[in-house]
Structures are given as C-alpha cells and as structure tokens.
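Worksheet for the structure shown next.
Rule-based calculations on the coordinates, nothing more; no lab input. On a predicted model such as this, the values are computed, not experimentally measured, just so you know. Cβ placement follows ideal geometry from the backbone for every residue including glycine, while neighbour counts extend to all protein chains displayed.
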Amino acid sequence: IRPLFDGIGLLPFSILFFAIVVVLTIRPSRVVEIIGKFLTPALIVGILILIVVGIVNPIGEIAPSTSSNIVQDGVLAGYQAMDILSVAGFAIIIQNSMVQSGWKTWEEQRPQVAGSAGVAALLLAVVYGGLTYLGASTGSAFGNGLDQAALIVAITQELLGQAGVVILAVVVALACLTTAIGLFGATASYFER
C-alpha cells in the first residue's frame, strides 16, 4: 500500500490507521457486523477479481518450483500475515457477538460456528489456492529475485495495470484492518475482564 501513501511518514500513517481501528472497534457489538458486512466482502471480491483474471489470462506457464522446501516456505510466509494469531482474537469477538445476539448456550451457537467455519474454510481455500496458482503460473515470468510482496504487485500490474495495483492496495489495507480490528477487540475484551 506504500504507493498510495507516498510522502506520508510511518508515524502519521500508523496514527491514522490505528485511529480507524479504534473507531471501528469502539462498539464491540458492531465489530462483527462491520467486518462481516463490509470489510471482508470487499476484500474477497478484490482478491477474486485478481485470481479470475489470472486464470482467464495466465501470464505464463506453471514452472517447476525453485524451492526445495515448498511447504516450509509457505508456512513461514503465511505466518507473517498473523492469520493464526488473529484467529484467537476473532474467536473471542465472535463468541461475544453470539452471546449479545441471544445465542447463549453451545447448542444454540454450534450451527452458527459450524456454518461460519465452513464458509471461512472454503473462502480461504479458494483465495490461497488462487494465489498459489498465480504465483506458480508467473514464477518464471518475473525471475527469482522478488519477495512475496513485490511478486503480487508485479502480477497485479501485469494482469490489471495500475488500477489493479490500487485495488490490491485497498485489498491489503482491508486485510490488515480486519486483522488489527480482531486483535484490538480481543485485547480490549481481555483487559476489560
């Protein structure tokens, strides 16, 4: 997202970002609604546009991997996104939201949790599978010297042009925002108790 905020220092950007996080999490009952109705759908639509365009108009052929530890590299790269850590935060928020919505017992909550987990698993499989395909089909086109961030920007630039890079920046900002909201809300809930 750096190109969208060129000229703004890290401190002012961080203050602005976390001010938005505070505004969106100040009312815990609205957190799940904000993330579920607005942020996550926008995030998913942006990623799916990139994936569909990459499948319809592939940049290159799928090339053999240059890594000898594909799974290890993937796990380490995925861990940097803090997805695993934010799950605990979102679990607390979702649990509190269910109780506030009237589902107080586990028997009442179970169908909601199962449905949410199923949708989340399906969407994560589609998103990460699609991004894996994009990386595999463009690995030889851009060379081996790019890190993950530079590679996804290069792929987006090639597939969607500069407008796509702006969409990618919005998608990344939304992903960071939802993760920060989850962690912030869970931390606030913990300290409140």
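Tabulated values for the structure
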quantity: Simple spin-label estimate for Val75 and Asp147 in nanometres, 7 Å along Cα-Cβ; calculated: 2.2 nm
quantity: Extension gain from Ala163 to Ala63, taking 0.36 nm per residue of separation minus the Cα-Cα distance; calculated: 33.3 nm
quantity: Projected-area mean, the stretch 122-190, by convex hull of Cα positions, square nanometres; calculated: 5.9 nm²
quantity: Hydrodynamic radius of the chain per Kirkwood, over alpha carbon pairs, in Å; calculated: 18.5 Å
quantity: Val52-Lys104 FRET efficiency (beta carbon distance; Förster radius 35 Å; 0.05 resolution); calculated: 0.25
